[in-house]
Amino acid sequence: MYWNKPMETMDRQQMAELQSARLIQQVRRVYRQVPFYRESLQKAGLLPDEVGSIEDIGKLPFITKQDMRDNYPYGLFAVPLAEIVRLHASSGTTGKHTVVGYTSRDLGIWSEVMARTLTAAGASKQSFIQVAYGYGLFTGGLGVHYGAEAVGASVIPVSSGNTQRQIMLMKDFGTTLLACTPSYALYIAETMKEMGLSPQDLTLKAGVFGAEPWSERMRGEIEKALGIKAFDIYGLSEIIGPGVASECPCQNGLHINEDHFYAEIIDPVSGQILPHGEKGELVLTTLTKEGMPMLRYRTRDLAVLDSAPCDCGRTLIRMSKVLGRSDDMLIIRGVNVFPSQVESVLLGLGETSPHYQLIVDRADNLDNLTVLVEMTENMFSDEIRRLEVLEHKIEAELASALSVSAKVRLVSPKAIERSEGKAKRVIDKRMI
Ligand code: DLL
């Protein structure tokens, strides 16, 4: 059940020593090779030699997505371009893509951490792994692909989309592990039902889902609809792609591959490091990456760290599920609203389908929030009166959870556009 037992179960003291040695090396290297880091350390009045252990990490300045944009495309690379063997990019909602580059050693590390991720979800040489994350500049497809090959599983590189064919392949090829976004997993389950197939018609055992936030309730829905165990996997292109952290069978937090990625939680406003157990913004440092090292990257993802031992035997610290973003937060009539809060309310009530979308509009300088919620097939034939009662009930729950009023509109099944990648949860018309 481990891919790399010595690393995954390393004594904490030994891990700190390994991290210290790697950080010292990384800081010296970027100071020499990357003008951006040299300048930012100089601005902070810090010499590379003043970082003598992992405890000193707080002395280093942060790096942000804006810094990546400012250095587009190759300004943050720490090796000659001839050493770069792969480029990926993530699409931003604003402006340019952020570009990341890997050396061949970086690709080896990526395969290693993805092999750990897949092994923790039960994968082995016997597995058939269907990769339904998008292939291309997005890191999901190729990230899982190389990890699955490292494990020695049979990889089915189908990419996202063409859902009926996905299901046919799962059935005919005997897929045992599915990799895609959680929203696409639900869509696949729905399509399966329409095709008259049940989980018993397939050989699926597990799924590794990530790239977007999802709740415990949504996990329950996916596990039930597909008859599998659903594992949360976390990562971001800036750091490596998927493979930064992933769940073990205890499903109680995601183990961070700390020998390669050092995690801190900070207060998003003051930038102060917060103790384990407190919620804040996750900051990640790559300890081994050569192509584009990241020192204290502000992910904008909100999470909690937990260093208590885990029943699975891994000593790697765990991060909670991503609890929101410090920036995708919507401000509606002055109140901070996270789409994940709406999801918890809907799934908590359990009377509708889990598909929803927030629409924010502005009329007469006043923000209006409308939440579209899809009905299930059964509800569709219900009388209007009962549906109105349900709309009001959801509105009341939302008002108390969000501290801002929202109009709820039940829409027919499938009315909300499905995504084969990350779900689009918010349409903010105020921007236009
Ligand atoms: O989404 C990498 C990935 C691919 C992770 C496949 C897992 C599976 P980006 O496109 O750069 O990379 O987006 C990174 O997605 O900062 C989070 O906000 C969000 N995210 C990723 N995984 C999770 C997760 C990939 N498990 C951004 N839960 C991150 C919640 C996630 N949010």
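Side notes on the structure shown:
- All of Asp67, Asp106, Asp49, Asp56 fail the test of being open to solvent by less than 10 Å² (accessible area, probe 1.4 Å) and out of contact with any Pro (no Cβ under 8 Å at 6 or more places or on another chain), apart from Asp106.
- Candidates Glu258, Glu290, Glu221, filtered to the one that is touching a residue at least 40 places away in the same chain (Cβ under 8 Å), farther than 30 Å from Tyr187 by Cα, more than 13 Å from the ligand (Cβ to nearest atom) and open to solvent by 10 Å² or more (accessible area, probe 1.4 Å): Glu290
- Single match in Arg300, Arg318 (criterion: within 16 Å of the ligand (Cβ to nearest atom), in the same structural domain as Asn4 (by TED's automatic domain parsing) and surrounded by fewer than 20 Cβ atoms within 10 Å (Cβ to Cβ)): Arg300
- Residue within the stretch 120-127 that is in the same structural domain as Thr299 (by TED's automatic domain parsing), within 12 Å of the ligand (Cβ to nearest atom), under 29 Å from Trp3 (Cβ atoms) and in contact with a helix residue (DSSP H, G or I) (Cβ under 7 Å, 6 or more places away or on another chain) present: no
- Put simply, of Ser160, Ser111 the only residue that is under 25 Å from Ala89 (Cβ atoms), in contact with a strand residue (DSSP E or B) (Cβ under 9 Å, 6 or more places away or on another chain), open to solvent by 10 Å² or more (accessible area, probe 1.4 Å) and in a loop (DSSP other than H, G, I, E, B) is Ser160.
- Taking every residue in the stretch 412-424 that is under 25 Å from Glu383 (Cα atoms) and not assigned by TED's automatic domain parsing to the domain that holds Thr181 and pairing it with any residue that is of a type in the set (A, V, I, L, M) and modelled with pLDDT of 90 or more, at least 6 positions away or on another chain, the pairs with Cβ-Cβ distances below 7 Å are Ser412/Met375; Pro413/Met375; Ile416/Leu372.
- Inter-residue pairs, beta-carbon under 9 Å, first assigned by TED's automatic domain parsing to the domain that holds Leu349 and in the stretch 377-391, second of a type in the set (Ser, Thr, Tyr) and surrounded by 10 or more Cβ atoms within 10 Å (Cβ to Cβ), 6+ apart: Glu377/Ser353; Met379/Thr352; Met379/Ser353; Phe380/Ser412; Leu390/Thr352
- Subset tally (residues that are closer than 19 Å to Ala185 by Cβ and more than 6 Å from the ligand (Cβ to nearest atom)) for the stretch 229-242: 3
- Residue satisfying all of: in the stretch 128-141; open to solvent by 40 Å² or more (accessible area, probe 1.4 Å) and within 13 Å of the ligand (Cβ to nearest atom); nearest to the chain's Cα centre (by Cα) among these: Phe138
- Note on the stretch 300-327: residues that are over 17 Å from Leu236 (Cα atoms) and not in a loop (DSSP other than H, G, I, E, B) amount to 2.
The values are calculated or read from the model by the stated rules, or taken from the named source; none is laboratory data. Quick caveat, the model's predicted, so the values are computed rather than measured. Positions of Cβ are backbone-derived with ideal geometry, glycine not excepted, and every protein chain shown enters the neighbour counts. The area values use the complete protein model at the heavy-atom level, side chains included, leaving out ligands, DNA and RNA. Shrake-Rupley method; radii C 1.70, N 1.55, O 1.52, S 1.80 Å.
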